[in-house]
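The values are calculated or read from the model by the stated rules, or taken from the named source; none is laboratory data. On a predicted model such as this, the values are computed, not experimentally measured, just so you know. FYI the Cβ positions are ideal-geometry reconstructions off the backbone, even for glycines, and counts take in every protein chain you see. Keep in mind that these areas ignore ligands, DNA and RNA; they rest on the heavy atoms of the full protein, side chains included. Shrake-Rupley method; radii C 1.70, N 1.55, O 1.52, S 1.80 Å.
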Amino acid sequence: MPALRLILGDQLSTQLASLRDADPKADTILMCEVREEATYVRHHKKKIALLFSAMRHFAKALRAQGFTVRYVPLTDPDNTHSFEGEVKRALQANAYDRLVLTHPGEVRVLQMMQAWREALEIDVEIREDDRFLCPLNDFAQWAEGRKELRMEFFYREMRKRHDILMDSGKPVGGKWNYDQDNRKPPKDGLTIPPPTRFEPDEITQEVLSLVADEFGDHFGTLEPFAYAVTAEQAQTVLSEFIEHRLPKFGDFQDAMISGEPWMFHAHISFYLNCGLLSPDTCIADAIKAYERGHAPLNAVEGFVRQILGWREFVRGLYWLKMPDYAQQNALGADRPLPWFYWDGKTEMNCLRQCIHETRDHAYAHHIQRLMVLGNFALLAGLDPREVNEWYLIVYADAYEWVELPNVTGMVLYADGGVLASKPYAAGGSYINKMSDYCQDCRYDVKEKTGKTACPFNYLYWDFLARHQETLGNNPRLGMVYRTWERFDADHKQAVRASAQAFFQRLEASEV
Ligand code: FAD
Ligand code: DLZ
Ligand code: SF4
């Protein structure tokens with residue numbers, strides 16, 4: 001008897017576990033555009049367009065390989081607009097003896113799938129998603145008995161296990177991590193290569209009209225749309241990154257320049273996360289560039305660490321800690337997300353720049369997400385649920401398995417230190433050092449308190465003072481708290497009063 005194989009929008013890989021033994025003569029591949037997935041959070045328009053176009057191209061490629069694909073477009077009048085409804089309809093249309101699935105990227109969807117055996121009365125097989133390099137059981141074993149889970153140690157294990165950048169059991173170059181070389185501020189006259197762009201073909205154009213009609217009120221700018229939508233195009237993005245950007249990726253990894261959202265980053269997370277690219281290809285291509293002397297070790301090791309280390313680590317953490325992880329709020333943060341996260345209307349230039357770029361491209365690079373948008377959310381005590389929802393909506397690479405640990409763990413310290421040994425909190429001087437944003441800001445980054453001072457400056461100290469009971473014993477914050485204690489009473493009072501006045505203006509939408 002034939003099998004029904006459901007492929008989700010972020011599983012667009014011909015190597016997918018559930019496709020591996022598919023019989024083109026007997027089996028049916030089910031793919032469906034469903035409103036429930038586009039609206040359970042109201043995703044950025046570009047994200048929906050990327051996935052629908054990539055799904056349609058993937059279905060076309062599977063058909064060209066001889067597979068029978070039951071593709072349900074959003075406009076199908078019988079579309080039930082949920083995964084379960086569409087599986088049910090497919091099962092009613094034909095006889096199948098089993099439903100073959102690949103482990104999804106969200107607990108919400110896994111729970112749905114686990115209920116199908118009973119609800120739909122069919123044999124359900126959920127296969128491990130082996131596009132990832134660390135099986136979930138291996139991660140659980142690594143994590144067992146550890147009080148704190150630190151990426152750096154996990155990463156070293158992964159380097160050894162996969163024999164990546166290793167030399168007779170030792171890390172190539174003698175060090176595991178070259179991050180210290182990767183913090184160069186932006187400099188004048190830096191030539192940043194333009195991002196790889198693709199003209200929308202007929203399929204993409206049709207999707208763009210559909211998204212404009214159906215999801216026109218979602219956040220974000222839909223056009224111009226220039227993302228890759230096939231595996232071949234995604235490979236071009238990777239190759240051009242390796243050729244033109246990788247050599248400087250390390251040096252300027254943390255740098256931010258107004259009007260330059262793409263910098264020397266790879267712009268591959270959209271494709272890695274929906275299946276158009278595989279992590280092992282990205283790593284292998286970067287290592288080849290190192291071996292032929294095209295890119296230095298600090299760049300290649302830094303890039304490998306993001307994919308082999310951080311990406312696998314946050315996924316392992318997500319599946320280890322969910323569903324409780326989504327409820328974490330160790331610092332008791334409860335301030336609502338300010339409206340300017342949606343419209344960018346704030347006089348804080350760094351936030352304005354990053355929000356506008358997010359709106360236009362459904363992209364911001366890591367330091368913008370962490371040290372500008374995230375730093376503000378941390379210091380202002382924004383509600384983790386609202387912050388998580390924002391990040392899940394606005395970025396085209398966002399799926400809960402990767403978004404949630406980055407926000408709850410890395411940005412907000414809401415997990416109480418499971419992911420990070422201390423909060424990534426910083427004042428305005430960090431943003432000033434790593435960007436040109438402060439030059440065009442109405443606030444003065446050198447001023448510490450008062451109405452014209454950079455809000456990050458006093459919010460930083462106010463945050464530490466507010467959480468002294470929880471964070472005061474953290475050894476990594478010892479020096480910072482000693483500095484706070486050395487401030488005279490007047491200065492401390494000015495910091496706290498500036499923060500209070502700022503929060504009042506924030507509540508009145510006056511920042
Ligand atoms: P590059 O800087 O060129 O890095 C290469 C690749 O490394 C990325 O494509 C990505 O796959 C991987 N990577 C790098 N850092 C991380 C990380 N911290 N976690 C996981 N993978 C990483 N990444 C997502 O893919 N989806 C998200 O929803 C997401 N949300 C984030 C939210 C916050 C608050 C923060 C601080 C980071 C988030 N990241 C997320 C991680 C990172 O910002 C993006 O992966 C990166 O900006 C994507 O752009 P790029 O492909 O140009 O990455
Ligand atoms: C994000 C998304 C969107 C917007 N739409 C669809 C869709 O219509 N059909 C589909 O199969 N997948 C979609 N996705 C991706 C899913 O939300 C994703 O597969 C789950 O969140 C599990 O990671
Ligand atoms: Fe941001 Fe402060 Fe610099 Fe303005 S002065 S851009 S608010 S860091």
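For the stretch 396-434, filtered to residues that are over 30 Å from residue 321 (Cα atoms) and open to solvent by less than 10 Å² (accessible area, probe 1.4 Å), the residue that is farthest from ligand 3 (Cβ to nearest atom) is 434.
What do you reckon, is residue 398 near ligand 1 (Cβ under 9 Å from one of its atoms) and in contact with a Leu (Cβ under 9 Å, 6 or more places away or on another chain)? Spell out the reasoning first.
Working: near ligand 1 (Cβ under 9 Å from one of its atoms): yes; in contact with a Leu (Cβ under 9 Å, 6 or more places away or on another chain): yes.
Against the criterion (near ligand 1 (Cβ under 9 Å from one of its atoms) and in contact with a Leu (Cβ under 9 Å, 6 or more places away or on another chain)), residue 398 qualifies.
For residue 38, are the conditions met, namely being of a type in the set (Gly, Ala, Ser) and in a loop (DSSP other than H, G, I, E, B)? I'd like the intermediate steps shown before the answer.
Details: of a type in the set (Gly, Ala, Ser): yes; in a loop (DSSP other than H, G, I, E, B): no.
So residue 38 does not fit the description; no.
Just one residue in the set 241, 215, 264, 252 is over 21 Å from the mean Cα position of the chain (by Cα), open to solvent by less than 10 Å² (accessible area, probe 1.4 Å) and of a type outside the set (Gly, Ala, Ser); that residue is 215.
With respect to the conditions (1) away from ligand 2 (no atom under 12 Å from the Cβ); (2) outside any helix (DSSP H, G or I), residue 79 lacks only one, and its number is (1). Under 8 Å by Cβ, and 6 or more places apart or on different chains, what pairs join a residue from the stretch 263-276 that is closer than 18 Å to residue 185 by Cα with one that is within 16 Å of ligand 3 (Cβ to nearest atom) and in a helix (DSSP H, G or I)? Every condition considered, no pair remains.
In this structure, is residue 50 within 12 Å of ligand 2 (Cβ to nearest atom), open to solvent by less than 10 Å² (accessible area, probe 1.4 Å), closer than 21 Å to residue 234 by Cβ and assigned to a loop (DSSP other than H, G, I, E, B)? Criteria not met by residue 50.
Applying the selection to the stretch 344-366, what residues are in a helix (DSSP H, G or I) and either open to solvent by less than 10 Å² (accessible area, probe 1.4 Å) or not assigned by TED's automatic domain parsing to the domain that holds residue 428 (or both)?
Taking the stretch 344-366 and keeping what is in a helix (DSSP H, G or I), we get 349-361, 366.
Listed by number, the residues that qualify are 349, 351, 354, 355, 358.
Which residue out of 266, 286 is part of a helix (DSSP H, G or I) and closer than 21 Å to residue 182 by Cα? None of the others qualify; the one that does is 286. Scan the stretch 454-473 and tell me whether some residue there is over 22 Å from residue 387 (Cα atoms), hydroxyl-bearing (Ser, Thr, Tyr) and either open to solvent by 20 Å² or more (accessible area, probe 1.4 Å) or not assigned by TED's automatic domain parsing to the domain that holds residue 251 (or both). Looking for residues that are over 22 Å from residue 387 (Cα atoms), hydroxyl-bearing (Ser, Thr, Tyr) and either open to solvent by 20 Å² or more (accessible area, probe 1.4 Å) or not assigned by TED's automatic domain parsing to the domain that holds residue 251 (or both), one finds none in the stretch 454-473, hence no. Regarding residue 372, is this residue touching a Phe, Trp or Tyr at 6+ places or on another chain (Cβ under 9 Å) and assigned by TED's automatic domain parsing to the domain that holds residue 176? No; evaluated as a whole, the condition is false for this residue.
Where in the stretch 383-444 are there helices (runs of 4 or more DSSP H), lying fully within it, with 1 or more residues that are closer than 19 Å to residue 355 by Cα, of a type in the set (Asp, Glu) and assigned by TED's automatic domain parsing to the domain that holds residue 498? Break it down into steps so the answer makes sense when it comes.
On the way: elements: 384-394, 400-404, 428-434.
The qualifying helices (runs of 4 or more DSSP H) are 384-394, 400-404.
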